[in-house]
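Comments concern the structure below.
Any read-out appearing in this document is the output of simple, stated calculations on the displayed coordinates, not a laboratory observation. On a predicted model such as this, the values are computed, not experimentally measured, just so you know. Every residue, glycine among them, receives a Cβ derived from its backbone with ideal geometry; neighbour counts consider all protein chains shown.
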Amino acid sequence: MSQSVSPVLRECHRLRRHLRDLQAEIDLGPRVLKIQQEALADEDAAHKEHHDAIKRWKLKQKDDEGSLKTTETRLLKVQTDLNSATSKKEFDAKNVEIATATARKSEFEDAILTALGEVEERTAAIPAVEKKWADAQATFQRQQVEAAERLARLQADQVESLAGLEATEAKIPPEHRNQYNRIVKGYGPDGLAPVHGRTCMNCKTSLTEQQKTSLLGGAFICCPQCGRALYLQE
Ligand SMILES: [Zn+2]
């Protein structure tokens, strides 16, 4: 044999593992994007909810103001009518109504104050909320630019590595090409394994002296235990 097969298989192993890693990173892209999209959607919802809450509190305040006005008008009328009551029963009934209306008036006043406070607090927070939403959008934009750059880099590496693998595999002696192809088809990138000392680093089985000598002589050797194509570890 004119040239040892070890450096060729070592390089094939490195490139095949590298290609597997590249593909794994590329495959991660859509999942990362989904997480980023969900984070953006959460921010969008929080931003929208902040403004919706202000609208709801303002609406509630308006409703309560209307109810307060109605209650005050009614209260005034009952108080005016009180003196014109013609019986004790009527007088007592009007007093009960006055007490009820007074309590309701107080409830509406409290509710209006609460609504005013909520609107004021949320309105004051608008600049911070807007900034948070703008930041989230900017982050998402930046992530998309970075993801596109990253994908382009990975794909370029993939093209280059595939070309390198093809060129390297062309150096495998033709008589072993079919066997090599069967092994990598069956085991993928882990169809190749280094030998350290006399040990197959895939299955930790020791080679015989003769097998090790053949390997040192540059032969194409497969592990008798796990079937991996072997090369000498550097
Ligand atoms: Zn082995």
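Kindly establish whether Ala229 is within 16 Å of the ligand (Cβ to nearest atom) and not hydroxyl-bearing (Ser, Thr, Tyr). The answer is yes for Ala229. Cβ-Cβ contacts under 7 Å between residues 6 or more apart (or on different chains), taken from a first residue in segment 55-71 that is among the charged types (D, E, K, R) to a second residue that is part of a helix (DSSP H, G or I) and surrounded by 14 or more Cβ atoms within 10 Å (Cβ to Cβ), are listed as Lys58/Val119; Lys60/Ala115; Asp64/Phe108; Asp64/Ala111; Asp64/Ile112; Asp64/Ala115; Glu65/Ile112.
Could you tell me whether segment 4-24 includes any residue that is in contact with a Gly (Cβ under 9 Å, 6 or more places away or on another chain) and hydroxyl-bearing (Ser, Thr, Tyr)? Within segment 4-24 (the criterion being in contact with a Gly (Cβ under 9 Å, 6 or more places away or on another chain) and hydroxyl-bearing (Ser, Thr, Tyr)), the answer is yes, since at least one residue qualifies. For residues in segment 105-138 being closer than 29 Å to Ala41 by Cα and among the small types (Gly, Ala, Ser), which is surrounded by the most Cβ atoms within 10 Å (Cβ to Cβ)? Among those that are closer than 29 Å to Ala41 by Cα and among the small types (Gly, Ala, Ser), it is Ala115.
Between Gln3, Gln23, the distinction of being outside any helix (DSSP H, G or I), in contact (Cβ under 8 Å) with a residue 24 or more places away in the chain and either within 30 Å of His196 (Cβ to Cβ) or more than 33 Å from the chain's Cα centre (by Cα) (or both) belongs to Gln3 only. Of all the listed residues (Thr102, Thr80), the sole one being loosely packed, with under 12 Cβ neighbours inside 10 Å and assigned to a helix (DSSP H, G or I) is Thr80. Taking the condition of a type outside the set (Val, Ile, Thr) and either touching a helix residue (DSSP H, G or I) at 6+ places or on another chain (Cβ under 8 Å) or not in a helix (DSSP H, G or I) (or both), does Leu28 pass? Answer is no for this residue.
Please verify whether segment 170-187 includes one or more residues that are β-branched (Val, Ile, Thr), within 16 Å of Ser4 (Cα to Cα) and within 11 Å of the ligand (Cβ to nearest atom). There is no residue in segment 170-187 that is β-branched (Val, Ile, Thr), within 16 Å of Ser4 (Cα to Cα) and within 11 Å of the ligand (Cβ to nearest atom).
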